[in-house]
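A short reminder: the numbers here are calculations on the coordinates, not readings from a lab. This structure is a prediction, so every number in the text was calculated from the model and none was measured. Methodologically, a virtual Cβ is constructed for each residue, glycine included, from the backbone with ideal geometry; neighbour enumeration extends over all protein chains shown.
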Amino acid sequence: MLNKLRQFIALSWHQKSIFIQAWFMLGWFRAAILCVSFRRLARALEHHQLPPDPLALNSEQLEMATSIGKLVTTAARYTPWQSHCLVQVLVTQHLLARQDIGGQFYLGVCKRSQEGTSERALHAHAWLKCDGVVVNGAAGHETFMVVSSFSWH
């Protein structure tokens with residue numbers, strides 16, 4: 001625990017601010033997902049039938065996007081509520097839009113075997129890319145078939 005506190009203290013003021021915002025927003029978006037339709041949550045985004053072409057970012061924007069994605073993932077580990085991929089992607093998207101950084105997020109599905117049974121169940125995953133780089137939700141995203149994608153800017 002002390003090591004985690006040292007890591008937090010070592011962050012810049014800007015990174016601490018984003019981490020704290022992300023932690024609170026994870027709770028807000030978790031509650032919103034439970035209470036509000038996804039259509040309403042995504043109304044400010046542009047929906048695509050096919051994955052959109054990546055928006056070109058400069059190196060500073062891409063570095064900021066990667067940093068925000070990592071801070072959201074880290075903050076999600078410390079929430080007392082579930083902060084799975086969709087919640088993290090929505091928070092990351094919101095924080096990136098505040099920084100005027102565009103990107104795309106994807107919703108995908110795949111069938112996987114259930115542990116202890118021979119049955120296969122449908123699993124879903126969300127991930128977010130900026131300029132073609134996955135900045136949130138990277139773990140295993142390549143095994144999912146994209147069923148929907150959204151972009152901003």
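Below is a table of values for the structure above.
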quantity: Per-region count, region 27-86, residues among the aliphatic types (A, V, I, L, M), touching a helix residue (DSSP H, G or I) at 6+ places or on another chain (Cβ under 9 Å) and over 17 Å from residue 136 (Cβ atoms); calculated: 2
quantity: Counted residues, region 95-128 - those being farther than 19 Å from residue 75 by Cβ, out of contact with any His (no Cβ under 9 Å at 6 or more places or on another chain) and surrounded by 12 or more Cβ atoms within 10 Å (Cβ to Cβ); calculated: 2
quantity: Answer residue from region 14-72, given it is in a helix (DSSP H, G or I) and among the β-branched types (Val, Ile, Thr) and is farthest from residue 147 (Cα to Cα) among those; calculated: 20
quantity: Residue selected from region 137-153 under the condition in contact with a strand residue (DSSP E or B) (Cβ under 6 Å, 6 or more places away or on another chain) and aliphatic (A, V, I, L, M), by the criterion farthest from residue 105 (Cα to Cα); calculated: 145
quantity: Output for region 48-82, where each listed residue is buried (at least 23 other Cβ atoms within 10 Å of the Cβ) and under 14 Å from residue 25 (Cβ atoms); calculated: 68, 69, 71, 72
quantity: Residue check for residue 141: closer than 21 Å to residue 22 by Cβ, surrounded by fewer than 20 Cβ atoms within 10 Å (Cβ to Cβ), over 15 Å from the mean Cα position of the chain (by Cα) and not hydroxyl-bearing (Ser, Thr, Tyr); calculated: no
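Here is a yes/no grid of residues against (1) touching a residue at least 12 places away in the same chain (Cβ under 8 Å); (2) closer than 19 Å to residue 83 by Cα:
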| site | (1), (2) |
| --- | --- |
| 9 | no, no |
| 18 | yes, yes |
| 21 | yes, yes |
| 29 | yes, yes |
| 34 | no, yes |
| 42 | yes, yes |
